[in-house]
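The values are calculated or read from the model by the stated rules, or taken from the named source; none is laboratory data. Just so it is clear, the model here is predicted, and its values are computed rather than measured. Note that each Cβ is placed from the backbone with ideal geometry, even for glycine, and that neighbours are counted across all protein chains shown. The protein model used for the area step is the full one, side chains on, heavy atoms only, and it has no ligands, DNA or RNA in it. Shrake-Rupley method; radii C 1.70, N 1.55, O 1.52, S 1.80 Å.
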Amino acid sequence: MASVGALRPIGLRRRLTWALGFLRNSNIHVDIMIQVGQWVYGYSKGIYRVERIIERYIDESVDPAARQGLSVGQKFPSPLVVLKRCTDDSYSKSFSYEVCDASLCRSLNFFSLWRLERVLRKNPTLLAEFNDYSIPKIESRYGLWLCMQDGDESLFTPLFEFMQQGRTFIEVRQFMTDIGLWKHHRTPIDATLYLTNYDFEIDEQKRQIYRSAELVRT
């Protein structure tokens, strides 16, 4: 006679097989490679679904020391992923989002997928609410160190207006040079000019587009 302990793995395997079938039918990916729709562990705690995969490219704003031997226009080896959290580690409802490098994501193991399936079956409205949860516009900021000392901040007004149409880093740099602001890009540092990109917008040459700027004194 088989023991109860010997029967448990068989029962668990059957449940896992059924759970994986349910997840696949729910358009939930269980592949090892990261892809949109996959359930993963992210950088922070909780269970997330991959919403977007963002390829990253080298442009002139990337410090040469951080380019990993790549040239302007080439793609970083690892993309960014936009993750939406469904539950915390205890499988309780906990909606939020984060952006991280894809290399920081891990696929759920079979047991975690099975538990997730149980939660979704017991709470049929949870997945609908989760799908309706909207991730706000994502802002990425680039900080340019400046030495302003007692410089007049109103000198930046033309730059702020110039950027409203969407500008790349090299366009910003050239404009700052033309109006005499680039000379402040030096030490000692007492201010930071933050350039803001929205939702990873890039131009045809794969350069990031910045649509606003803010000067912050340090």
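Of all residues in segment 59-70, those satisfying the criterion of being open to solvent by less than 70 Å² (accessible area, probe 1.4 Å), assigned to a loop (DSSP other than H, G, I, E, B), of a type outside the set (Lys, Arg) and without any contact (Cβ under 8 Å) to a residue 60 or more places away in the chain are Val62, Leu70. Please find, within segment 180-197, the residue that is nearest to Ser154 (Cα to Cα) out of those that are open to solvent by less than 60 Å² (accessible area, probe 1.4 Å) and among the hydroxyl-bearing types (Ser, Thr, Tyr). That would be Thr192. Could you please let me know if Tyr91 is modelled with pLDDT of 95 or more and open to solvent by 80 Å² or more (accessible area, probe 1.4 Å)? Criteria not met by Tyr91. Take Ser134 and tell me if it is open to solvent by less than 60 Å² (accessible area, probe 1.4 Å) and either in contact with a Lys or Arg (Cβ under 6 Å, 6 or more places away or on another chain) or among the small types (Gly, Ala, Ser) (or both). No; evaluated as a whole, the condition is false for this residue. You will find that of Arg173, Arg207, Arg141, Arg167, the residue that is of a type in the set (Lys, Arg) and surrounded by fewer than 17 Cβ atoms within 10 Å (Cβ to Cβ) is Arg141 and no other.
The conditions of being within 30 Å of Ser71 (Cβ to Cβ), of a type in the set (S, T, N, Q) and touching a helix residue (DSSP H, G or I) at 6+ places or on another chain (Cβ under 7 Å) are met by Ser212.
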